[in-house]
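Report on the following structure.
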Amino acid sequence: MLLAVIQGSKHNLARLAEATYERRGDYPAMFFEGRWHSSGDLFDRACRLGAGLVELGVRPGDRVVVTMANAPEVGIVYNALWRAGAVVTPAMFLLPAEDLRHVIADAEAVGVITTPEFVGKVRDAIAGIDLEPFVISTGEVQDGVVALASLEHGAPAAAVERDDDDLAALLYTGGTTGRAKGVMLSHANLHYTGHAAYEAAHISGVNRALVTLPLSHSYGILVTLAGMHDSERPVAVLLRWFDPRAFLELIGEHQLQLAAVVPSMLQILLSQPLEEHDLSSLSYLTSGGAPLAAEVEAEFRRRVPTVAIRQGYGLTETAALISTNPTGREKPGSVGLPVPGCSVQIVDELGRELPAGEAGEVCCTSPGVMRGYWDSPEATAQALRGGRLHTGDIGYLDQDGYLFIVDRKKDVIIRGGFNVYPRDIEDALLEHPAVQLAGVVGRPDPVHGEEVVAFVSLHAGAEVTVEELFDWGRTRIGGYKYPRELHIVDAIPLTAVGKIDRKSLRQALLTVG
Ligand code: AMP
């Protein structure tokens, strides 16, 4: 088998999984809902399933949609699909049938792999699709659905050869304007960012991790791939989805040392009695995927001083990684230094590079940059114009080369000719002790062009009036940009990965106010 590793393409992810297993051997590697799974069992199941998928008719380059909540089977399915040479096409299990249908139809997927609770939705989603994709499910299955277990019964077969530039994953993203687009990521793209994330953040002996990010999102996939480069024997405690109580309890129970989170998770954790939990083993939290408010970071540090928070930054289009704060050289507020091999340029509207300290669009070149958007040559050409990826984020580099993200270009509100960054307003509102989450969007306005509208949710038991929040905003936020319209809501909508869902907030504007 080792020979195959040496001969095969350098970055094939199935080979990476193979080499990882050969290096570490069999040990209890993953804990999920009361049960340990050994590395040997996880690897063996993937090898058998890979062979079963080939037998079912999956061919190299075929797209197969995977729609599951986190479970050990997700990793098994991904590895099995890579062994069959197929393209992993994750779809968040929270997607409504119509959006799932878009992913299946757009990707021209040959099949869908899911769990029993979503079989009905998958059936609705594929109804009438010409290609008639197969449906595979874990657990007991009904007529017309293939049991995943039945595909694990055969003998394992060798992994199919793939070139480094062949697609490993098609990740649907965006949808802030129009329908979600498929981001084409190659084996080389994902191999590179997994390795770079590992190199930047790894500390010997610190490898007992809580995994709560959805494995259907590029950030969750990155974290998993980074772990595969670890030469020691890492342990993952996997959560089906983020649950603050389980998060805190499992850290103490399994003496976990690190976790990757999105900022809204930190924010939600702050509402918990952190001091009552044993968090003494926890050394690092990696925050990425969305802006981390200074206030949230400071409050978390104050309440759990033993935990270092490291910010990283990336997009699905860059296989989830551009920059991260190197261990021991973290800069609060910054998303860190571009990882080795990745170069960041800040450009103005005309594509001219801007000097340190000046904000413009963040662009990058890196071996992690996508092959393009699936079936969208124009969107690809636009995103990759001038030979670099345009992230759609506004940011600046400081004198030391650290990157700071200001906001999403598309979310900037222009009020009376002034740029208002929603993030500034959200951060200021979060400083109010009653506010748990804040989301800010623009409403078209005949006088000012756009008006700033804030939605806030409150900590459990906290009380504050809209007038008090207006006063808070007026005194802390510049006169031209404090929100003139403010709504206290039960919950701020979050995307499946836990980002403030400004798209839903814009829709909510149509029904409030
Ligand atoms: P996605 O493709 O879903 O991973 O979304 C990528 C977007 O998330 C980026 O373009 C940024 O707008 C945002 N993002 C990711 N990480 C950070 C971060 N550390 N700070 C601010 N925004 C971030």
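Coordinate-derived values only; no laboratory data. Note that this is a predicted model, so its numbers are computed, not measured. For neighbour counting, all protein chains shown are included, and Cβ atoms are generated from backbone atoms with ideal geometry for every residue, glycine included.
Observations, loosely collected:
- Segment 372-513: equivalent-ellipsoid semi-axes (sqrt of 5 x gyration tensor eigenvalues, Cα, Å): 30, 18, 17
- Likely footprinting exposure, 94, 321, 429, fewest C-beta neighbours within 10 Å first: 94, 429, 321
- Across the alpha-carbon atoms of segment 185-313, the computed radius of gyration and Dmax are 14.1, 45 angstrom.
- Set of segment 474-504 residues, backbone N closer than 20 Å to the point 7 Å along the Cα-Cβ line of residue 431: 474-487
- P(r) histogram, all alpha-carbon pairs of the chain included - 20 Å bins from 0, percent: 22, 56, 21, 1
- Percent RCO, i.e. relative contact order, over segment 189-409, from Cα pairs under 8 Å lying at least 6 residues apart: 17 percent
- Cα-based Rg and Dmax for segment 1-123, where Dmax is the largest Cα-Cα distance (Å): 15.4, 46
- For segment 189-409, the fraction of alpha-carbon pairs in successive 5 Å shells from zero, as %: 1, 7, 15, 19, 19, 16, 11, 7, 4, 1, 0
- Rounded to 10°, Cα long-axis angle of helix 466-476 versus longest principal axis of the chain: 80 degrees
- Ranking of 39, 137 by count of other Cβ atoms within 10 Å, fewest first: 39, 137
- Alpha-carbon gyration tensor eigenvalues x 5, square-rooted, for segment 255-333, Å: 22, 13, 12
- Segment 197-240 and segment 387-430 have their alpha-carbon centroids 29 Å apart.
- Beta bridges per DSSP, both residues in the chain: antiparallel share near 55 percent.
- Residue-wise HN-Hα couplings along segment 253-269, as the Karplus relation 6.51 cos²θ - 1.76 cosθ + 1.60 with θ = phi - 60° gives them from phi, are 4, 10, 6, 7, 10, 8, 7, 9, 9, 9, x, 5, 5, 4, 4, 5, 4 Hz; Gly and Pro carry x.
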